[in-house]
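Chemist: Right, I'll just put the structure down here and ask away after.
The values are calculated or read from the model by the stated rules, or taken from the named source; none is laboratory data. All of these numbers come straight from a predicted model, not from anything done at the bench. Note: ideal-geometry Cβ built from the backbone for every residue, glycine included; neighbour counts use all protein chains shown. What goes into the accessible areas is simple: the full protein's heavy atoms, side chains included, and nothing from ligands, DNA or RNA. Shrake-Rupley method; radii C 1.70, N 1.55, O 1.52, S 1.80 Å.
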Amino acid sequence: MKQRIITGFLIAAVVISTFLIGGWIRQAVIFAFIFVGLYEVYAIKEKQWPKALLVILIATSLGLALISDTYMLISLLVIMMLYFVISIMYEWFSIQDLSYLFMMTVVFASALKAIDLVVNELNILFMIYLLVVTYMTDTGAYFTGYFFGRHKLNVRISPKKTIEGSIGGWLFGFVFGVLYAYLWVKNVDLLTMIVLSAICPVIGQLGDLAFSAIKRSFGIKDFGSVFPAHGGVLDRIDSLIFNLLFIYIFNVLTHMNLF
């Protein structure tokens, strides 16, 4: 537990400091996380897949993130067809592999677009809000589950997670999210932030479970070992990715006046 606490604190300090400093340092850290995360996606089957597939994964993910939304559907179709061509040409690339890589390409590209939206349209303090609500949920879930967890949440996907931990995580995320929003988020009304603080802990935990399902399907415990007692990059940003995607969706729908 001690190693987990120390590592978690250091990760939070580095990431929050990076976003506050901004500039090329922030961009470098973001892309470092993205590149390592994409490598972890590839590394699950690196013994069966050639290095060229990693290059394709990185190129398609970054390309999709940078392209205009106007051409998004066309780009998705081209990438899908490319993966189908690889599957048709090579026996080592199954339809299951195709589905996995296509999904992760869309996830990473969308996460990058969401980061750009949050930082440039909502500001850095809102980005830090997302970090706070996400990782306080993770922290609350871990400690509540450790001390009070009795009833399993989903044994098939994540044997160690408990209902008590999930509830504790939601409570921590909600309280710290509202508190942070009240003190520092001034460009979004407080009622909206209260609603987001109630929803984001749920979305973040769904992200954690979603990536746990991927790990279970491939028979691995962690995506990597970059962070002692925490696993790989994907093990640390899975909840954050889902919250970024949720904020992106929420922002688009609210601008369309659907809420």
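Chemist: Any idea how many residues of segment 39-72 are within 14 Å of residue 92 (Cα to Cα) and not in a helix (DSSP H, G or I)?
Modeler: 7
Chemist: So, in segment 200-259, exactly how many residues are under 10 Å from the mean Cα position of the chain (by Cα) and charged (D, E, K, R)?
Modeler: Within segment 200-259, residues that are under 10 Å from the mean Cα position of the chain (by Cα) and charged (D, E, K, R) number 4.
Chemist: Quick check: is even one residue across segment 49-61 free of Cβ contacts under 8 Å to residues at least 40 places away in the same chain and either charged (D, E, K, R) or open to solvent by less than 20 Å² (accessible area, probe 1.4 Å) (or both)?
Modeler: yes
Residues are listed down the side, and each one gets a yes or a no for (1) open to solvent by less than 60 Å² (accessible area, probe 1.4 Å); (2) modelled with pLDDT of 95 or more:
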| position | (1), (2) |
| --- | --- |
| 46 | no, no |
| 80 | no, yes |
| 90 | no, yes |
| 93 | yes, yes |
| 101 | yes, yes |
| 105 | yes, yes |
| 119 | yes, no |
| 138 | yes, no |
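Chemist: Let me ask something else about it. Which pairs turn up if I take residues in segment 76-87 that are over 11 Å from residue 60 (Cβ atoms) and look for partners that are in a helix (DSSP H, G or I) with beta carbon separation below 7 Å, at least 6 apart in sequence or on another chain?
Modeler: From residues that are over 11 Å from residue 60 (Cβ atoms), the pairs are 84/98; 87/95; 87/98.
Chemist: Against the condition open to solvent by less than 40 Å² (accessible area, probe 1.4 Å), modelled with pLDDT of 95 or more, of a type outside the set (Asp, Glu) and in contact with an Asp or Glu (Cβ under 9 Å, 6 or more places away or on another chain), how does residue 232 come out, does it pass?
Modeler: Judged against the criteria, residue 232 is not a match.
Chemist: Between a residue in segment 132-155 that is without any contact (Cβ under 8 Å) to a residue 60 or more places away in the chain and in a loop (DSSP other than H, G, I, E, B) and any residue that is loosely packed, with under 14 Cβ neighbours inside 10 Å and of a type outside the set (Phe, Trp, Tyr), which pairs come within a Cβ distance under 9 Å, given they are 6 or more apart or on different chains?
Modeler: Pairs that qualify, where the first residue is without any contact (Cβ under 8 Å) to a residue 60 or more places away in the chain and in a loop (DSSP other than H, G, I, E, B) and the partner is loosely packed, with under 14 Cβ neighbours inside 10 Å and of a type outside the set (Phe, Trp, Tyr), are 149/160.
Chemist: Go through segment 14-44 and count every residue that is open to solvent by 50 Å² or more (accessible area, probe 1.4 Å), over 11 Å from residue 233 (Cβ atoms) and in contact (Cβ under 8 Å) with a residue 24 or more places away in the chain.
Modeler: 2
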